Amino acid sequence: MEAAISSILFYLFATVAVLSAFGVVASRNPVNSAMCMAVSFASTAAILFCMGAQFLGIVQIIVYAGAILVLFLFVVMMLDVKSEERNLSNLPRAIIGVVIAGVFAGMVTKAALLLPDATAGKCPVKALCCTDYDATPDTTVAEGELSGGALPELAQDNADVKSLGETLFSQYNIPFVILSFALLAGTVGAVALGRKIRKD
Amino acid sequence: MEHNVLASILANSCDTACCGMWFYLIVTILKLVLVFAVILAFVVLSVWIERRVAGWIQDRPGPNRAGIPLHLFQRFGSKEEQPCKKLLHFFGVPENCWIAKLFRWLRLDREIPTFGLMQPCLDGAKLFLKQELTPSYVRKVYFTLAPMLVLGPPLVAAAVIPFASGFSTPFGDVNMCVANLGIGPLWIFAISGLSVYGLTLAGWSSNSKYPFLGGLRATAQLISYEVAMGLSIIPLLMMFGTLNLQNIVQYQADNGWTILPLWGEGLTWERWFMMLPMLISFVVFVTCVFAEANRTPFDMAECETDLVGGYHSEYSSMKFASFFMGEYAAMVIGSALVVTLFLGGWSIGFGADAALHAWCDWFAVICQFAMFLIKLVAFIFFFVWVRWTLPRFRWDQVMKLGWLVFLEVTVANIFLTAAIIYFIN
């Protein structure tokens, strides 16, 4: 029953995510595109929730849907961009776009096929979140409560936050620091660009 | 063959795992209904508190007349001329004694008093019955979507707030929190942050200048204060070592509330030192909650003096009411979060929780729920008190406070907490 529900939810959210991602490209109104992108982000976050990666899901909502996309919307509305004009006759540009999209799609497909039991017809979510795909994922809260998880210490309390932090600050510490510096440089650059330059 | 299958299904449906599943589903639905009812009741109640306290602060009665008038009963066939007077006669109380005067002062001779509590209901009825007017120049889809996006998120965000501890039944343990997620406060930030879409879209889709400016202001303000809000709870999380709200409250029940650590191990030196960063966090967080809920002194988005009505200028009837309900729901959720993180949530305090649990689980849960509601009402009162006391900030002052004061203070506070934990504990 649990497996069926998580499969249904996965396919539901995946369909919504793909359809709304298509809407981002297909829509002519920039505000419609931005809202489609928000829906796409939200359904991706929902898939992450289904996999038990609650922290990643919520960060997806806070950072992308809650902050970055709102700024997109902000700028689009401020500039009052009208519906863009179609320019399909530009063949070289279309070819470049198709090549980039194709390479990226190939990469994602390859990665998906490398997952354990991806070709065995099992639910991809199950395959991702536990190697033994017949077992229920051990990180869902409902499961913890069902098995009579005691109240003071829920067995899986912030398990994914903890493991994420430990991995990030030990195994991937140096890339993390380098990325932080890149972000800092970006922030300083934005402040420098946005600063009012005095004439005197 | 068929019989065997049926029998095995029947046998399986009654085993413990399946029973646990049904129990879990039913209990979750009951908790959902309870939380939803409490939030909506508090939206109505906080409107009433707002108007009563505003009246009190401004030295006027406030809404006190919306009682149930007694002549209504006569109209529907009651023969009683003056029930109150008859009642006094029945007990032999003279006309001019103090009880009769008190009754008259409470207007009991004219109506059944409700202390103005009928006012929010009548307001709601009025808004339902008003004409729904959609201007012809708006962008219809987003104009309709915006009020939903404002009202929905606060109601969803309430799912992670624990409103009592748990108790066990023969079927399994019950945790008095709809979704006991391991990321409690982040869930509330993320979901209530989504209501910014409603404000922005309302401003934009109205296709009119003042609402648009109101929407832009709301967006900028919410995003700015979200940063300081997120950073201000990091010292708390360093102290608790968990993101689960139920565990956070349990910790406070055992060791003393965050800003009132009087029981547990007692007042050791470490706890006195920890009080400083916690108080800084408390002040910053409460201010950010005010800003996030778009309330005076931070209601730049609906500042009447510069923006007519702000982002909801073009709205009427129930769409307008949904904006207001959304604002009050955000206020209730913000108060609940402050109470949960800083004021001990459902914990009764002074070690009473453990004692009550030892005596009777059910009674303890009911007491804790009542305690949570009392704290919530007290904090909503504080919200209203601030609103009617402080004047509105100027727009540039709001931005400066967010980016130049709170951001720096919260980052310094994180380092201070880390130093205290490293050197003293």
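The values are calculated or read from the model by the stated rules, or taken from the named source; none is laboratory data. Note that the structure is a prediction, hence the values are computed from the model and not measured. Neighbour counts are summed over all protein chains in view; Cβ atoms, including those assigned to glycine, are modelled from backbone coordinates with ideal geometry. Ligands, DNA and RNA are stripped out before the accessible areas are found, and what is left, the full protein with its side chains, is counted by its heavy atoms. Shrake-Rupley method; radii C 1.70, N 1.55, O 1.52, S 1.80 Å.
Applying 1/(1 + (r/R0)^6) with R0 = 22 Å to the Cβ-Cβ distance of B:LEU390 and B:ARG60 gives a FRET efficiency near 0.70. Long hydrophobic helices in chain B, taken as whole DSSP H segments with a C-alpha length of 18 Å or more on their own axis and mean Kyte-Doolittle hydropathy at least -0.5: B:16-57, B:140-157, B:209-232, B:269-292, B:317-342, B:361-387, B:407-423.
Distance between the C-alpha centres of the stretch B:123-143 and the stretch B:337-393: 37 Å, rounded to the whole angstrom. Below 8 Å, C-alpha to C-alpha, sequence gap of six or more: please give me the relative contact order for the stretch B:123-423 in percent. RCO, the stretch B:123-423: 27 percent. Spin-label model, B:TRP272/A:ALA192: points 7 Å from Cα along the beta carbon direction are separated by 4.8 nm.
Rolled with a 1.4 Å probe across the full set of protein chains, the surface gives B:SER205 an accessible area near 0 Å².
Across the stretch A:158-200, Cα-Cα pairs more than 11 Å apart make up 71 percent of the total. Between chain A and chain B, roughly 3200 Å² of accessible surface gets buried, counting both sides and using a 1.4 Å probe. Here the stretch B:162-231 and the stretch A:20-72 have alpha carbon centers that stand 16 Å from each other. Looking at chain B, the pairs of alpha carbons with a distance over 31 Å make up 52% of the total. GNM on chain B, alpha-carbon springs under 10 angstrom: the most fluctuating residue among B:ILE188, B:ILE112, B:ILE39 is B:ILE112. Applying the Kirkwood pairwise sum to the alpha-carbon positions of the stretch B:190-251 produces a hydrodynamic radius of 13.6 angstrom. Basic side chains Lys and Arg get +1 at the Cβ, acidic Asp and Glu get -1 at the Cβ, and with that the dipole of the stretch B:194-322 about its Cα centre reaches some 160 debye. Excluding ligands, DNA and RNA, the accessible surface per residue across chain B is 49 Å² with a 1.4 Å probe.
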